[in-house]
Amino acid sequence: MESCWKQEKILTLMSREQLQILLDQLKNDVDLQEKLNGAGNLDAAVTIANSMGFDISKADLLGNKRLIGPHLLWEWDWI
(Lines give C-alpha, C1' and ligand atoms only; values in the text may rest on other atoms or scores of the structure.)
Protein backbone atom coordinates (compact mmCIF):
# COMPACT_ATOMS: atom_id res chain seq x y z
CA MET A 1 0.00 0.00 0.00
CA GLU A 2 2.82 2.41 0.89
CA SER A 3 4.52 1.70 -2.45
CA CYS A 4 1.33 2.67 -4.29
CA TRP A 5 1.13 5.91 -2.32
CA LYS A 6 4.77 6.74 -3.14
CA GLN A 7 4.17 6.12 -6.85
CA GLU A 8 1.11 8.39 -6.80
CA LYS A 9 3.09 11.11 -5.00
CA ILE A 10 5.91 10.88 -7.57
CA LEU A 11 3.42 11.07 -10.45
CA THR A 12 1.73 14.09 -8.85
CA LEU A 13 5.07 15.87 -8.49
CA MET A 14 6.00 15.04 -12.09
CA SER A 15 2.66 16.30 -13.37
CA ARG A 16 2.99 19.49 -11.36
CA GLU A 17 6.51 19.95 -12.72
CA GLN A 18 5.24 19.52 -16.29
CA LEU A 19 2.48 22.05 -15.64
CA GLN A 20 5.00 24.54 -14.24
CA ILE A 21 7.18 24.10 -17.34
CA LEU A 22 4.12 24.71 -19.54
CA LEU A 23 3.22 27.86 -17.58
CA ASP A 24 6.79 29.13 -17.77
CA GLN A 25 6.86 28.58 -21.53
CA LEU A 26 3.54 30.39 -21.88
CA LYS A 27 5.17 33.61 -20.66
CA ASN A 28 7.27 33.89 -23.83
CA ASP A 29 5.58 31.70 -26.43
CA VAL A 30 2.88 33.69 -28.24
CA ASP A 31 2.02 30.72 -30.47
CA LEU A 32 1.33 28.52 -27.44
CA GLN A 33 -0.68 31.32 -25.80
CA GLU A 34 -2.87 31.67 -28.89
CA LYS A 35 -3.37 27.93 -29.21
CA LEU A 36 -4.43 27.48 -25.58
CA ASN A 37 -6.56 30.62 -25.56
CA GLY A 38 -8.34 29.23 -28.60
CA ALA A 39 -9.01 25.84 -27.02
CA GLY A 40 -12.73 25.27 -26.98
CA ASN A 41 -12.68 23.00 -23.96
CA LEU A 42 -10.44 21.27 -21.48
CA ASP A 43 -9.95 18.20 -23.68
CA ALA A 44 -8.75 20.39 -26.55
CA ALA A 45 -6.34 22.23 -24.24
CA VAL A 46 -4.86 18.96 -23.00
CA THR A 47 -4.53 17.69 -26.57
CA ILE A 48 -2.73 20.90 -27.60
CA ALA A 49 -0.36 20.74 -24.63
CA ASN A 50 0.34 17.04 -25.20
CA SER A 51 1.01 17.61 -28.91
CA MET A 52 3.61 20.21 -27.92
CA GLY A 53 5.42 17.69 -25.72
CA PHE A 54 3.88 18.37 -22.32
CA ASP A 55 2.76 15.39 -20.29
CA ILE A 56 -0.29 16.84 -18.54
CA SER A 57 -3.87 15.70 -18.07
CA LYS A 58 -7.23 17.24 -17.33
CA ALA A 59 -6.72 16.32 -13.69
CA ASP A 60 -3.42 18.24 -13.66
CA LEU A 61 -5.12 21.40 -14.90
CA LEU A 62 -8.16 21.07 -12.67
CA GLY A 63 -6.15 20.11 -9.61
CA ASN A 64 -3.66 22.97 -9.89
CA LYS A 65 -5.80 26.04 -10.41
CA ARG A 66 -3.83 27.85 -7.70
CA LEU A 67 -0.59 27.23 -9.62
CA ILE A 68 -2.19 28.36 -12.89
CA GLY A 69 -3.42 31.57 -11.29
CA PRO A 70 -6.48 33.73 -11.79
CA HIS A 71 -4.99 35.67 -14.72
CA LEU A 72 -5.09 32.56 -16.93
CA LEU A 73 -8.30 31.18 -15.46
CA TRP A 74 -10.11 34.26 -16.76
CA GLU A 75 -8.72 33.73 -20.25
CA TRP A 76 -9.27 29.98 -20.18
CA ASP A 77 -13.02 29.80 -19.67
CA TRP A 78 -12.83 26.07 -20.41
CA ILE A 79 -11.13 25.31 -17.08
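Return the total of residues in segment 16-51 being open to solvent by 40 Å² or more (accessible area, probe 1.4 Å) and touching a residue at least 24 places away in the same chain (Cβ under 8 Å).
7
Take the residues of segment 52-71 that are loosely packed, with under 12 Cβ neighbours inside 10 Å and within 10 Å of the chain's Cα centre (by Cα): which is farthest from LEU26 (Cα to Cα)? Give the derivation first.
Taking segment 52-71 first, the residues loosely packed, with under 12 Cβ neighbours inside 10 Å are 53, 59, 62, 66, 69-71.
Remaining after also requiring within 10 Å of the chain's Cα centre (by Cα): 59, 62.
Working: ALA59: 19, LEU62: 18 Å.
The extreme case among them is ALA59.
The values are calculated or read from the model by the stated rules, or taken from the named source; none is laboratory data. Not measured: the values here are computed from a predicted model. All Cβ positions, even for glycine, are placed from backbone atoms using ideal geometry, and neighbour counts span all protein chains on display. Please note that ligands, DNA and RNA were not included when accessible areas were found on the heavy atoms of the full protein model with its side chains. Shrake-Rupley method; radii C 1.70, N 1.55, O 1.52, S 1.80 Å.
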